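The values are calculated or read from the model by the stated rules, or taken from the named source; none is laboratory data. Small disclaimer: the values here were computed from a predicted structure and weren't measured. All Cβ positions, even for glycine, are placed from backbone atoms using ideal geometry, and neighbour counts span all protein chains on display.
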Amino acid sequence: MPLEPLFSCANSAALLTWALLILLPRWRGLAQATAQTIVPLLLAAAYSGLLMAWWSRSQGGFGSLAEVAALFGEQPLLLAGWLHYLAFDLLVGAWIARVAQREGVAWVWPALILTFLFGPAGYLLFQAQRASRKLLQWLNAEPGESRGVLRSLKAWEPALFIGGLGMAALLVPTLAAHLTDGRTLDGAPVWIKPLKFEASLAVFLLTLSAFYPLAGTGFRLTRKGRFVVWGALIPAYLELFYIALQAGRGAASHYNTTSTLSSALYAAMGVGAVLLVFCPRFLAVGILRHQRSKESPTLEPFVLAVVLGLNLTFLLGGLAGIYMSALPGHFGTTVSGGEGIPGLGWSRLVGDFRVAHFLGLHALQVLPAIGFLAARLLPRMSARRCILGLSAGYALWVIFTFAQAVGGRPFIGL
């Protein structure tokens, strides 16, 4: 059989089998039999025939990338490699469907679609789903005899906790992309922005998860309680997906108005960012209501610091972000910020609104850390006064950095 018809037949058989696996879950037994046995056997037979006919004539090998490129420079062996890919991806897809059915893993279709499109990436997603399910079962189990850190983790909001860990795990493949991709955008490596957002969003989600229990067990059942969870998780992952997609294309995600679609997606990112900063505010309301229902309506020092941090994140980080999004860029009307502070990228030549936005958002971690230390080191009333004073000072510092940006002055000049 000529190569092109064989290629078309193999693609059609694989596509039909994937459609059975993904679209017809009630026929999963038939789909698994087709994906696990029938189609892979046919592909394996064609693959073996191509190897027997062409392997001895190849000039390449597997010792280096150059040898692999030479090996697949022969169209028959390139087709053999493609059949290899199709067969093993189907076997992985059948395994995912079988294990998901046995273990009760819900929403398996994203992993199947990703395996169909990008092979190992789908397998990675499914293993993350399995690990998340087991972790969720552990978090929802009774604490038992666990002590210390393990017992405290069980009190964290489980969906936000798993979402935060998942966001942190994404740093690994993104770092691999960063290390192997030399492209730049506006003078910076294209994968730096996704890395920064993954780290920031992971810390954000894990922090919300840790503070969530302070609102009481009933908060989870309220509209605000559900919003804090899903109003954080869904926009965070959608925003990161778009940022990573644009990085892969070598295009900007923020301030990208080069087309109608880009403008619409940038506006959607803005809506998602607003939803994200509302989550700390709603959680602060939930904590206040729960604490006031107790016998002592006066907040403990640490809880006071948490509430202040949540509210300042909403006010300072949110307002700075909204103001910045209405400008042509991070530097106001200035096109380029020139040399930046290492690691952070903040301009050392002109005003940069990212400074105030960053500091405002991370009041969520800074003020509770201050509250924790103050509660440990100072008497109760002194700790409260210390927290209130340092919170006011932190707010003034953020406002000062914002005023610097408005005036066109860098946070740290050259």
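Listed here are the residues, each with its yes/no results for (1) more than 26 Å from Pro2 (Cβ to Cβ); (2) surrounded by 14 or more Cβ atoms within 10 Å (Cβ to Cβ).
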{"position": "Leu50", "(1), (2)": "no, yes"}
{"position": "Ser64", "(1), (2)": "yes, no"}
{"position": "Ala87", "(1), (2)": "no, yes"}
{"position": "Arg98", "(1), (2)": "yes, yes"}
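Yes or no, residue by residue, for (1) without any contact (Cβ under 8 Å) to a residue 60 or more places away in the chain; (2) under 21 Å from Val274 (Cα atoms); (3) surrounded by 15 or more Cβ atoms within 10 Å (Cβ to Cβ):
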| residue | (1), (2), (3) |
| --- | --- |
| Val172 | yes, no, no |
| His178 | yes, no, yes |
| Thr184 | yes, no, no |
| Glu198 | yes, yes, yes |
| Ala202 | yes, yes, yes |
| Tyr212 | no, yes, yes |
| Thr217 | yes, no, no |
| Leu221 | yes, no, no |
| Lys224 | no, yes, yes |
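I'd like the full set of residues that are β-branched (Val, Ile, Thr) and either touching a residue at least 60 places away in the same chain (Cβ under 8 Å) or more than 27 Å from Val306 (Cα to Cα) (or both), limited to the range 383-407.
Listed by number, the residues that qualify are Ile387, Val398, Ile399, Val406.
Residues in the range 8-41 that are of a type outside the set (Phe, Trp, Tyr) and buried (at least 16 other Cβ atoms within 10 Å of the Cβ): how many?
So the count comes out to 15.
For the range 226-250, which residues satisfy the criterion of being out of contact with any helix residue (DSSP H, G or I) (no Cβ under 7 Å at 6 or more places or on another chain), among the charged types (D, E, K, R) and within 17 Å of Leu275 (Cα to Cα)?
Across the range 226-250, the qualifying residue is only Arg226.
Could you say which residue among Pro379, Pro301, Pro410 is more than 29 Å from the chain's Cα centre (by Cα), buried (at least 20 other Cβ atoms within 10 Å of the Cβ) and either free of Cβ contacts under 8 Å to residues at least 12 places away in the same chain or over 24 Å from Ser209 (Cα atoms) (or both)?
Pro410
Scan the range 65-79 and give yes if some residue there is without any contact (Cβ under 8 Å) to a residue 40 or more places away in the chain, assigned by TED's automatic domain parsing to the domain that holds Tyr123, touching a Ser or Thr at 6+ places or on another chain (Cβ under 8 Å) and assigned to a loop (DSSP other than H, G, I, E, B), otherwise no.
Yes, the range 65-79 contains a residue that is without any contact (Cβ under 8 Å) to a residue 40 or more places away in the chain, assigned by TED's automatic domain parsing to the domain that holds Tyr123, touching a Ser or Thr at 6+ places or on another chain (Cβ under 8 Å) and assigned to a loop (DSSP other than H, G, I, E, B).
Does the range 232-242 contain at least one residue that is among the small types (Gly, Ala, Ser), in a helix (DSSP H, G or I), free of Cβ contacts under 8 Å to residues at least 60 places away in the same chain and touching a Gly at 6+ places or on another chain (Cβ under 9 Å)?
no
For residues in the range 19-58 being polar (S, T, N, Q) and touching a residue at least 12 places away in the same chain (Cβ under 8 Å), which is farthest from Ala97 (Cα to Cα)?
Filtering first and then ranking leaves Ser58.
Give Leu51, Leu23, Leu30, Leu83 a once-over and let me know the one that is out of contact with any Phe, Trp or Tyr (no Cβ under 6 Å at 6 or more places or on another chain), within 17 Å of Thr115 (Cα to Cα) and among the hydrophobic types (A, V, I, L, M, F, W, C).
When all the criteria are applied, what remains is Leu23.
Condition first: out of contact with any strand residue (DSSP E or B) (no Cβ under 8 Å at 6 or more places or on another chain), outside any loop (DSSP other than H, G, I, E, B) and touching a residue at least 24 places away in the same chain (Cβ under 8 Å). Can you find one or more residues in the range 325-344 that meet it?
yes
Can you tell me which residue is modelled with the lowest pLDDT among those in the range 121-170 that are farther than 26 Å from Leu240 by Cβ and of a type in the set (Lys, Arg)?
Among those that are farther than 26 Å from Leu240 by Cβ and of a type in the set (Lys, Arg), it is Arg147.
Quick grid of which residues meet (1) modelled with pLDDT of 80 or more; (2) part of a helix (DSSP H, G or I); (3) not charged (D, E, K, R):
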residue: Pro5; (1), (2), (3): yes, yes, yes
residue: Ser8; (1), (2), (3): yes, yes, yes
residue: Leu21; (1), (2), (3): yes, yes, yes
residue: Arg26; (1), (2), (3): no, yes, no
residue: Thr37; (1), (2), (3): yes, yes, yes
residue: Leu43; (1), (2), (3): yes, yes, yes
residue: Ala46; (1), (2), (3): yes, yes, yes
residue: Met52; (1), (2), (3): yes, yes, yes
residue: Phe62; (1), (2), (3): yes, no, yes
